[in-house]
Structure formats: structure tokens, C-alpha cells
Amino acid sequence: MSRVSLLPLALLAGLTLPAFAGTAPVDPRIDQLLTELGKVRGIHGAQLSPDGRQLAWVVDTDGQPAVMLAKTNGRDTHRLNTRDAAGSCRESSIAWAPDSRHLAFFSTCASVGASKGHPALVVADSRGTTAPQKLAALDGYAHALNWSPDGHELGFLYVEGATRAASAVAAAKPAAGEIGVDGLEVQRVAAVPASGGAVQMLTPAPSYVYEFSWSPDSHQLAYVAAPAPGDNNWWIAKLYAQQAKAGAEPRALVDTRTVEGPLHGLQMALPRWSPDGSRIVFIGGLMSDQGATGGDLYAVPSAGGAVTALTPGIKVTPVWFGWTGANRLLVAQIRNGRSEVAPYAIDATHATAQAPLFALDASIGDGTAAMGLSLSADHSKIAFAQSSYAAAPEVHAGKLGRTPPPAVTASNAALKPSWGKAVSVEWDNEGRHVQGWLLYPAHYDAKQSYPMIVNVHGGPASAVLPRWPSVGFGGVPFSALDYFVFMPNPRGSYGQGEAYVQANRKDFGYGDLRDILAGVDTIEKKLPVDDKRLGLTGWSYGGFMSMFVPTQTQRFRAVVAGAGISDWQSYYGENLIDQWMIPYFGASVYDDPAVYAKSSAIHFIKQVKTPMLIVVGDRDAECPAPQSFEMWHALRTLGVPTSLVVYPNEGHHFVDPAHQRDVLQRALMWFEKYLPPGA
């Protein structure tokens with residue numbers, strides 16, 4: 001269950017969402033804050049050309065993502081000449097050719113030959129003046145574009161005839177026909193010749209592919225795949241390799257359900273071939289969401305064989321890596337709520353971390369779930385998108401070394417934070433070291449006392465890292481209205497090693513709650529937080545915690561629960577991603593109903609006295625709306641102040657800007673009503 005964020009849903013034909021009609025009355029201060037948050041321009045997929053001389057990225061302008069080009073230092077920034085006269089097209093998923101001259105991407109712009117909003121695969125000459133050329137017309141959802149190392153083909157993930165984005169967080173298809181049989185959409189690795197031509201499906205039709213990579217000689221693919229439906233089965237996916245041609249027979253390299261050792265029953269991501277093609281290294285761990293990668297490093301021979309755990313016992317969480325030599329990796333990792341970039345020495349049995357090159361109080365890549373870096377072919381230069389609580393998103397690029405690369409764009413340079421300063425808070429609880437982020441009230445005065453909002457992140461396998469907020473659900477905006485905002489990383493979070501991530505298995509809402517309350521106590525001993533004005537909020541797993549915690553303690557005086565879970569037992573049969581639950585609960589609800597009941601708010605509902613606003617999308621496949629209805633119905637019956645708002649045509653991640661604005665506005669006003677900052 002991932003945290004809520006704004007993701008580039010890219011090029012899905014015919015995607016239209018109506019505005020939400022029931023907008024709440026607007027407080028002028030809140031309206032001004034939301035307007036400022038809406039000015040941020042998202043930046044995605046910063047990519048260096050292999051020779052390190054050019055830089056490309058995608059920037060959002062009024063909801064229209066467009067490809068930008070520049071020299072690596074940011075000079076000569078310009079947009080590719082692809083804009084339609086109406087200015088309504090979208091571009092995404094950029095990829096440099098090995099020749100460092102040609103740039104491929106997906107576009108719905110009519111000027112490059114796309115039709116009726118369907119994406120086209122196009123390639124541009126970065127040193128020329130001609131318009132990009134269409135290589136293939138597509139009819140569906142396409143992303144993860146990647147040139148073969150020899151430059152002869154372009155591979156990508158493709159759902160032909162897709163009706164929605166290929167993601168469990170996207171709005172689910174309306175239920176119709178024979179469930180689990182009719183209308184299944186399968187994502188496969190597709191390829192198109194670099195000179196253009198027909199789309200070829202390389203991977204077998206029954207397999208839903210989540211990630212892939214080319215072998216160094218371009219002759220093979222490695223990929224993580226499972227049978228359809230893809231939204232549900234990532235948690236039981238296997239690692240495969242096959243020849244990079246249609247009809248090739250895949251060979252299963254790793255099945256975590258049968259493998260022995262620490263990887264047993266866990267998840268896999270980011271398969272990467274070694275430079276000599278002899279083995280594949282990947283990240284394995286307990287991951288609650290596909291795309292929110294984190295765990296340890298593992299290796300398996302590309303021809304098949306035993307799996308080797310390369311980093312047992314490390315106290316950080318690798319989230320991305322790339323090979324930088326026959327015996328070297330560059331790893332992006334989380335440590336105590338900070339982003340680090342570190343080299344690792346790798347041999348046959350171990351990957352040993354060296355001292356980090358640099359650490360940042362910031363998010364790099366597109367956020368925690370996509371901490372991707374781009375390296376030049378000689379690994380001397382690096383680029384990535386970066387944002388923090390102090391600085392809005394920009395592309396950073398430059399020499400790879402012990403000094404973090406500077407910002408080379410100014411897309412959001414005019415934006416300044418309207419919230420208070422951020423500090424890292426650390427404490428110990430029950431033998432574990434715990435960390436979180438605290439935002440001060442925007443107009444902080446040490447002589448006054450303030451309410452505090454505790455914002456619990458989604459996942460639970462995720463982490464709070466400093467990042468600039470946008471219009472949408474999140475804790476940062478409360479600081480602008482003079483609340484303290486506490487964003488903890490309790491047990492179950494990334495950043496302190498795999499044992500810490502696994503520490504809340506079969507224990508949702510108990511140990512992690514004790515970690516959070518110990519953090520609140522730590523803050524209250526040092527700062528003027530009014531313990532009688534504590535609020536609680538969160539989305540997804542944070543939404544579950546927002547529903548469950550008031551059944552365990554009366555310490556919080558107001559709650560906003562986003563896309564939460566009130567009853568794990570009924571949830572098991574309602575959601576479309578039940579496979580994620582077995583690694584956490586140890587068994588299905590049919591085999592061990594007690595472990596699910598233990599963490600279900602509805603079983604302790606009569607303990608709740610706290611006013612609760614509940615918000616959810618009506619097509620949420622991860623945390624279905626009936627869970628919110630169940631909580632709201634119980635609270636209403638028991639006379640607890642409550643409000644339920646359901647947003648039409650939204651999934652787990654909201655994509656309609658009107659809905660994103662409305663849900664945050666309602667949350668701000670709910671806390672303003674029950675926890676007024678000036679009281």
C-alpha cells in the first residue's frame with residue numbers, strides 16, 4: 001500500500017476524469033496555500049547522454065509533460081519542437097541512444113504523428129533542427145523505454161489495448177464479466193527496430209512483466225514477471241531470463257517461494273546484468289508496493305544456479321544501483337531518513353559498502369519509490385532530480401564525486417517554502433533506533449505552544465524523506481498554518497536495514513505505534529507542543545494507522561484517514577492485491593483469522609472518541625472504498641463526529657487536480673476546526 005503522490009501516468013489513450021463537484025468552502029489562507037502548492041512543476045526522468053555532454057528531462061507545465069534538452073551544465077536549455085498548436089499533448093519516458101545523439105520518448109503530439117491521443121514512439125536528433133520522427137504507432141499504455149546496448153532496438157513495457165495505466169495504484173476497471181478472467185490486461189516487453197517498424201512482443205503472453213533489462217551484448221533480457229492479473233501478483237513474481245526475440249523460451253532463475261535463505265517469501269526488483277553478462281544482481285526484500293523498492297542486494301548466475309545474499313546485515317536500505325565496473329556498483333540508499341549515494345565493492349559472495357560519496361537531506365529521483373540516478377558511460381558524471389523541504393524540484397547534474405552535483409535547471413526557482421524549518425529527530429525505543437522528520441510552525445515563537453499533526457507514511461515498506469510538497473495529500477502544508485508536523489519512520493520503514501523493515505510483521509499498529517508515541521514524547525520534552533492538541537493523519541498504511549490508533553489511545557484529538565483499512569478480515573476479500581498480505585501476516589485470513597483481527601480497528605471500535613474525516617477514491621483497488629464506509633458507518637452509529645468523502649473515478653493515487661486540491665483542503669479545514677493552531 002503505497003504512499004500517495006503525483007505520478008506521471010503518461011500516455012493512456014482516452015483518460016478523462018471529471019472534476020469533483022462537492023468542493024468544501026474555502027478558507028482564504030488555505031486557498032492561498034493551495035494556490036502556491038499548485039505552482040510547482042514536476043520533474044521526471046533526468047537522463048545524461050552516454051558521453052556525458054547532454055542532459056534531457058521531462059517537466060510538467062500546467063499538467064502537460066514535455067521533454068527538455070540542455071548541455072550537462074544546464075546551458076542552452078530548450079524544448080524539443082514537438083508542441084501541438086493546441087498545446088495539449090504529453091511526452092514521457094526518455095531514453096538516450098548509445099550514440100549520445102538520438103533521444104527516444106513517447107508522445108501523444110499530433111506533430112510527431114500520434115493520432116487520437118494514442119502514444120507514438122518517436123526519436124529526435126538532439127543536434128539537429130528537424131522534428132522528431134515517429135518509429136511506431138502504439139495503441140495502449142507504454143513506459144520504461146530502454147535502448148538495447150548495441151543501439152539496434154528500443155525495448156519498453158507495453159500493455160496493448162490498455163484501458164488504464166498499468167499500476168495497482170491507478171483507478172481499477174469497473175467490475176464486469178467473469179472476475180479474474182475477462183478483460184485481463186497483460187504488460188509485456190515489446191521492441192521496435194531503431195529504424196522504425198512493427199512492434200514485436202518479446203516476452204510470453206501469459207506473463208505480466210514489471211521490470212526488465214538488456215544483457216550487455218543485447219542478446220538477452222532479464223525480467224521480473226508473474227501470471228496475470230499484474231496488479232496482484234507482483235508479490236509472487238519470479239526472475240526470468242530469455243533470448244531477446246519473440247517466441248523465446250524463458251528460464252526461471254529465482255522463485256522466492258521456493259528459494260532457501262533470507263530471500264524466501266520476499267520480493268524482487270531492479271534486475272541488472274553484470275558487465276560480463278555472467279550474473280544478475282537485484283534488490284530483494286520485504287516490499288509492500290511494486291515500485292517502492294528497498295532491501296538487500298542479491299546475485300544469481302544468468303545461466304541459473306544458487307542465489308547469493310551479497311549484503312546481509314547492512315543497516316541501510318539500497319533502493320537503486322548500477323554497475324560501474326566489473327567489481328563495482330554505485331548504490332542509492334536510505335539511511336536514517338536521508339538519501340545517500342555510495343560505491344560498493346562486489347565480488348563473488350559479497351557487496352561491501354564503501355564510505356558514501358555524499359548524503360542529502362532531500363529526495364533524489366522522482367521520490368522515495370523511484371530513487372533513480374543517471375550516469376555517463378564512463379561513470380564520471382551523474383544526474384538526477386532532487387527536491388527537499390527547502391528547495392523545489394530541479395535537475396542536478398555534474399561530476400560524480402564527494403560533492404553533490406549542483407542544480408542546473410531553474411524550473412521552480414521562484415518558489416519559496418511557506419512552512420517552517422525541518423529537523424531530523426532521532427530516539428531509541430525497545431532496543432531500536434528510530435528517526436523521523438519534524439517541521440516547525442511557519443511562524444514559530446518559542447514562547448507559545450502549538451498543536452502537532454503526526455503524519456504516518458504509507459507502505460509500510462517506505463520512508464519519509466525530505467521532499468517539496470505538491471497539491472495532494474501530505475503533512476507539509478499543515479506547517480504553513482502553524483502546526484508542528486511530525487513525520488516518523490517507525491519499524492517497518494526503510495533506512496535502517498532489512499531486519500527493521502520486517503520488524504512489524506504480524507504486528508501492525510502495535511510496535512510501530514509505540515515507536516511513534518515515543519517520538520512524540522521526545523519532541524514534547526524539547527519543544528512547546530500542546531499534548532492536548534495532537535492530530536493524526538496518513539494515507540494507505542498511514543490511513544490504516546489513522547483508523548486503528550484511536551482504538552488504542554485517546555491521545556489524538558482529531559484524525560484524517562486517507563484510503564485506510566478498518567477491518568483486515570473483510571479487506572482480504574475486497575482488495576485486488578491480496579498477495580502482499582501473506583508475507584506480512586504469515587498466512588491467509590482463512591488460515592489465521594486471529595492475526596488479522598488483532599490489527600482491525602473495527603474490533604475495537606467502541607474505544608474510539610476522536611473526530612475522524614475519511615477520504616477515499618471510489619475505484620481504489622489497494623484500499624477499497626468499502627473499508628472507509630465500514631469505519632464511517634461505525635463511527636456515525638456510535639455518535640463520533642465523522643465525515644466520509646468519496647471521490648469519483650479515482651484510484652489509490654488521485655490524478656484529478658480538482659480532487660487533489662479538495663482532499664487537502666478538507667484535511668486542513670478539519671484540523672483547523674478541531675485543533676485550532678491559535679488556541
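Values quoted throughout were computed directly from the atomic coordinates according to the rules given, and no laboratory measurement underlies them. This structure is a prediction, so every number in the text was calculated from the model and none was measured. Positions of Cβ are generated from backbone atoms using ideal geometry, with glycine treated the same way; all protein chains shown enter the neighbour counts.
Below are the figures for this structure:
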read-out: Förster-model FRET efficiency, 41 Å R0, residue 402 and residue 637, C-beta, rounded to 0.05; value: 0.10
read-out: Where no second cysteine Cβ lies under 4.7 Å, the cysteines concerned in the chain; value: 623
read-out: Nitroxide proxy distance, nm - points 7 Å out along Cα→Cβ at residue 198 and residue 578; value: 4.1 nm
read-out: Estimated FRET transfer efficiency when R0 is 56 angstrom, pair residue 350-residue 590 (beta carbons, to 0.05); value: 0.85
read-out: In order through the stretch 180-196: 3J(HN,Hα) via Karplus (6.51 cos²θ - 1.76 cosθ + 1.60), integer Hz, x for Gly, Pro; value: x, 10, 7, x, 5, 10, 10, 8, 10, 7, 10, 9, 9, x, 4, 8, x
read-out: In the stretch 187-275, the trypsin sites (Lys or Arg not before Pro) that fall in loop regions by DSSP, at most 13 other Cβ within 10 Å; value: 245, 257
read-out: Reach of residue 116 by Cα under 15 Å, taken over aspartates and glutamates that are not fewer than 8 positions away in the same chain; value: 84, 91, 139
read-out: Hull volume in cubic angstrom per residue (convex hull over the Cα atoms of the stretch 525-585); value: 115 Å³
read-out: Using θ = phi - 60° and Karplus 6.51 cos²θ - 1.76 cosθ + 1.60, couplings along the stretch 590-598 (whole Hz; Gly, Pro as x); value: 6, 9, 9, x, 5, 5, 6, 5, 3
read-out: Nearby lysines by direct alpha-carbon distance to residue 447 (threshold 22 angstrom, same-chain neighbours under 8 apart not counted); value: 421, 525, 526, 532
read-out: Within the stretch 49-154, trypsin sites (Lys or Arg not before Pro) in DSSP loop having at most 11 other beta-carbon neighbours inside 10 Å; value: 75, 116, 127
read-out: Three-way shape label, the stretch 54-159, alpha-carbon gyration tensor, a/c 1.5; value: oblate
read-out: Size of electric dipole in the chain: Cβ of Lys, Arg +1 and of Asp, Glu -1, about Cα centre, debye, nearest 20; value: 1320 debye
read-out: For the stretch 135-151, 3J(HN,Hα) per residue [Karplus equation, 6.51 cos²θ - 1.76 cosθ + 1.60, θ = phi - 60°, Hz, x = Gly/Pro]; value: 9, 7, 8, 10, 9, x, 9, 9, 6, 6, 5, 7, 6, 5, x, 7, x
read-out: Cα centroid separation, the stretch 282-349 to the stretch 485-519 (Å); value: 22 Å
read-out: Gained length - residue 258 relative to residue 445, 0.36 nm times residue gap less alpha-carbon distance; value: 61.5 nm
read-out: Residues whose placed amide H lies under 5 Å from that of residue 650, excluding near-sequence neighbours; value: 618, 619
read-out: Simple Cβ-charge dipole of the stretch 422-674, Lys/Arg +1 and Asp/Glu -1, about Cα centre, in debye nearest 20; value: 680 debye
read-out: Mean Kyte hydropathy of 1.6 or more with a Cα span along the axis of at least 27 Å, helices from DSSP in the chain; value: none
read-out: Lysines with Cα under 29 Å of residue 506, excluding same-chain neighbours fewer than 8 positions away; value: 238, 315, 598, 606, 609
read-out: Unit charges at the beta carbon, dipole of the stretch 422-674: most positive-side option, 564, 583, 613; value: 613
read-out: Percent of Cα pairs exceeding the 28 Å cut-off, where the set is the stretch 422-674; value: 28 percent
read-out: Residue 506 paired with residue 390, simple spin-label distance in nm, labels 7 Å along Cα-to-beta-carbon; value: 4.5 nm
read-out: FRET efficiency estimate (nearest 0.05) - Cβ-Cβ, residue 421 to residue 79, R0 35 angstrom; value: 0.50
read-out: Stretch gain in nm, segment residue 306-residue 361, where the contour uses 0.36 nm per residue and the Cα spacing is subtracted; value: 16.0 nm
read-out: Farthest positive-ward along the chain dipole, Cα basis, beta-carbon charges - from 32, 462, 183; value: 32
read-out: Sparsely packed trypsin sites (Lys or Arg not before Pro) within the stretch 290-366, loop by DSSP, other Cβ within 10 Å at most 16; value: 315
read-out: Contour minus Cα-Cα distance for residue 184 and residue 413 (0.36 nm per residue); value: 78.0 nm
read-out: In Å, descending, principal axis extents of the Cα set of the chain; value: 66, 55, 54
read-out: Sites excluded, GluC sites (Glu not before Pro) in DSSP loops with at most 15 other C-beta within 10 Å, longest stretch of the chain; value: 431-679
